[in-house]
Structures are given as structure tokens and as C-alpha cells.
1. For the list (1) on the phi > 0 side of the Ramachandran plot; (2) out of contact with any Phe, Trp or Tyr (no Cβ under 8 Å at 6 or more places or on another chain); (3) assigned to a loop (DSSP other than H, G, I, E, B); (4) at pLDDT 95 or above, I need the number of the one condition that residue 409 fails.
2. For the condition at pLDDT 55 or above, in the same structural domain as residue 159 (by TED's automatic domain parsing) and either not in a helix (DSSP H, G or I) or not hydrophobic (A, V, I, L, M, F, W, C) (or both), what is the one hit in 3, 103?
3. Kindly evaluate residue 125 against the criterion of being touching a helix residue (DSSP H, G or I) at 6+ places or on another chain (Cβ under 7 Å), in the same structural domain as residue 232 (by TED's automatic domain parsing), outside any helix (DSSP H, G or I) and surrounded by 18 or more Cβ atoms within 10 Å (Cβ to Cβ).
4. Collect the residues in segment 147-194 that are buried (at least 18 other Cβ atoms within 10 Å of the Cβ) and in a loop (DSSP other than H, G, I, E, B), keeping them in residue-number order.
5. Within segment 310-317, does at least one residue satisfy the condition of being outside any loop (DSSP other than H, G, I, E, B) and either surrounded by 22 or more Cβ atoms within 10 Å (Cβ to Cβ) or at pLDDT below 95 (or both)?
6. Just to be sure, is residue 140 among the charged types (D, E, K, R), under 30 Å from residue 230 (Cβ atoms) and not in a helix (DSSP H, G or I)?
7. How about segment 343-360: which of its residues are assigned to a loop (DSSP other than H, G, I, E, B), in contact (Cβ under 8 Å) with a residue 60 or more places away in the chain and under 15 Å from residue 257 (Cα atoms)?
8. If residue 210 satisfies all but one of (1) modelled with pLDDT of 90 or more; (2) not assigned by TED's automatic domain parsing to the domain that holds residue 352, what's the number of the condition it fails?
Amino acid sequence: MKQKILALICALLLCGCAPAAAPEGEPAPAAEDALVEMVQPAETAEPMPDIAGSFLDTEVVVPPEVELLVLDYMDLYYTSLARLELCLLQDLQHLFGTEAYDQALGNHTVWDYLIQTRLMQPTDLSMTACRYVMNCLFAEEQEDGSLQLMVVEQSTQKFAAHPDVDSEVLNVYHSFTADQLADGSWRLGSHMQLDSLYFSLFGDHDESELNRAFLEPMFPTEDTEAFLRQRLQSLLQAAEQHYSLRSYGQPEAIEADNEYDRAAAIEYAHRHALERNPRWDDYGIYGGNCQNFVSQCLLAGGIPMDITGNVVWKWYGTTPNEQRLAYGRSASWSSVEVFREYIQYNRGGPGLVAVVDAPYYSGEEGDVLQMGTGDGAWKHTVIITGLVKDEQGRTVDYLVNSNTADLRSYPAGAYSYTDLSLVHIVGWDE
């Protein structure tokens, strides 16, 4: 069981949506769920967050003191995010062992980044409430006597900008180690979350380093303070630059022979954001299901598969195939970057018609956001399911649905990715 879990986690580490094989099947019809009704953002007020978490009762045996220690960590994390106020380092360090200062500082730096980037947004991304559940996949004693936990989290969060919307998050992976002290009490030795932000603190890295970092969770231990301070400053400067480029305006005016059924696409997105459509393969074990999910949404919105142009966008079965045949699956169906290339190269041809890099705040429900780290690589794709508007009626944020991790009605502004590109879906040509 542990080997299967580790294989899944290692495959998810890069959190992108690389090309992957899919089983044979047919796309499901559009779902019948109602759309989430949006409201105007609430006025900023002193937050009084209601934070509560628990462990699922499973066959995995975890000492009660360790469960409480993990819940104390998560409570402090969500309280800091809810208030958008970074806790004192000593408050977090108190949960870690005396020899784990670097690990406490690494996690504290991640929290600092999330809070600062959320404060840069035009909406109030403080939270009024958060309910989370931790499911321990395994707990194993290590050679040094420490206890390693692999935990998957699900949560429901309420943001002040849209307090009547439940923002749901599933399948967030955590790795904790805990050490028992001489007096019988427990302290954390380390924590690592399967998230692009955690790994970006390491700077340049390869897949093997990320595997090791998550399965043996350790932040850098040489010149830790200087290293993390420099990385935080660099990431925040990049975030400010990305946010400064977001603009209003209208997308490039292009026409399509056939309209895009936005309502049907959103209906499908709400139904299958948290529960996979069994008629399609789940590419999570290969690196991410996000683009596969968005491609399914577009198909549900009436965009047909394209096998007639110079480039193709299709899924007819498992086998990778780039030919203009009703057979196999093209990389553009399941890869973030190749899907982007398909849109750009498909101009003037049959199939999907869309505008890449449209003015950021010109998006509509059913449009697509692609996300990256600003290094030129696009890592993640989501579909817009709601617009968040200010009192003047201007769009100031989006609610999005996603796979890997699985999100429904989650604010785009709360993502750790800050380089976002709007893909405006127009329709499709014969």
C-alpha cells in the first residue's frame, strides 16, 4: 500500500499537466448541477475566523499527541491565512523541535509569501471560516526513531470577498515527521506540502530533488535564513511585476462559425471538479489532471474534437497519436503547454477559436486561465466558473474550478501561482 501511495505522490510532484495516456471511453454528457450564484465582495472588516480541523478515523494508527500536534500546526496555518497576519516565528517554532529551526523557518517563509501575495490582490482574501479534515495514508517509524506521516487534506474555506460561497479543496498532500522527546511529548521535525510554492523556495531543482524533498521533507540547512530571505524577496518582486501587468480592456475581436456553450461547460466543471468522470482516465498519477479536466469542460461546452487542421486536439482513446485520425489522444488534450500551442497555431483553421493572453480582467465564465511561475513554463490550467466584481461592477477576481489539486469555486487570486494568462474562448470553426 505504501509503495502505491509513494508512486502516486512522486508522480504528482511537478504539479503540471504533462501529456499522459488515457483509457478508452466516451466523454460524459454535461452535468445538471446549478451554477454558483456570485455576490459582491464584502467590505473589509476585522476577521473573526472560525477554524476547525480533525483527523479521519482510519486503520492507520497515529499517537493522539501527534494528531493534536498536526492539528495545532494546521490551525496556526489557517488562522494566519484567515487573518492575513503572519504569526510570530516563535509561535510556529514552539511546535517544532529545538533542532528543527530551519524547518520551522522554511514553513514560516511560505506562509509569509502567501499572506503578502494575497494582500496584493484587489479583493479581501481573508477568510471567515475554514473546516479541514486530515486523512493519514500511513505512519511509519524511521531509522532515526522519528515518525513519518503522509497525510491528505480536504477543506472548505469561506473568503471575505464572497462569504456565501464555499471554496472547496481536495487532495492536498502533506508529509510530516515528528519526534518524541525524553519527557514523552512530541514535536515536529519537518513539514512539506505538495505545492509549487514550497518547491519554488529551493530555486533551481530537478524532479529527483523534489522527490527527495517531499518524501524526506527538509528545507535547505546551509545559510538558511539568508537563502530563504533572498528567495522570498525574489518571488515577491516577481509577483508584483505579474500583478502590474493585469489589465482591463476587450479581447481581440475575432469571430467563430459556432458559439461556445459556456453554461454547459460550467455545469460540467462543477460536477466533475471534485469527482472524476469515470468515462475518462485520471492523469493525476502521470503528473496532473488539470488540462484533461479543462479539455473535457470545453468539449461539454460544444467545442468538438479537431482532427482536420494542421494541429489536432482530440481524445478517442489511450494511445498517443498526433495524426488527423479519429484515433488516440493528442498531447494538446492533456498538456498545458501543448494546449496553448494548439490555440496559437490553430488560427484560421477549423476547430477551437480562442484568444491567448487576453486582457486579464476581460474574462467570462467558461474562459480558461493558465498559470505559471514566470519562467516561461506554464504549469497549470483552470476554468473560470464565477466573476468576482467590486461595487462599480468591475471584475476584480475569478472563481475557478480545477483538478490536481481538486478545487471548486476557489479564488484565482489565492493561488500560489502569480503569472496568470487569460485564454478567452470564442467558439469553433467548421
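1. Residue 409 satisfies all of (1) on the phi > 0 side of the Ramachandran plot; (2) out of contact with any Phe, Trp or Tyr (no Cβ under 8 Å at 6 or more places or on another chain); (3) assigned to a loop (DSSP other than H, G, I, E, B); (4) at pLDDT 95 or above except (3).
2. 103
3. yes
4. Once the filter is applied, which keeps residues that are buried (at least 18 other Cβ atoms within 10 Å of the Cβ) and in a loop (DSSP other than H, G, I, E, B), segment 147-194 yields 160, 161, 162, 165, 194.
5. yes
6. So residue 140 fails the test.
7. 349, 350
8. Condition (1) is where residue 210 drops out.
The values are calculated or read from the model by the stated rules, or taken from the named source; none is laboratory data. For clarity, every value in this text was computed on a predicted model and none was experimentally measured. As a convention, Cβ positions derive from the backbone with ideal geometry for all residues, glycine included, and neighbour counts pool all protein chains shown.
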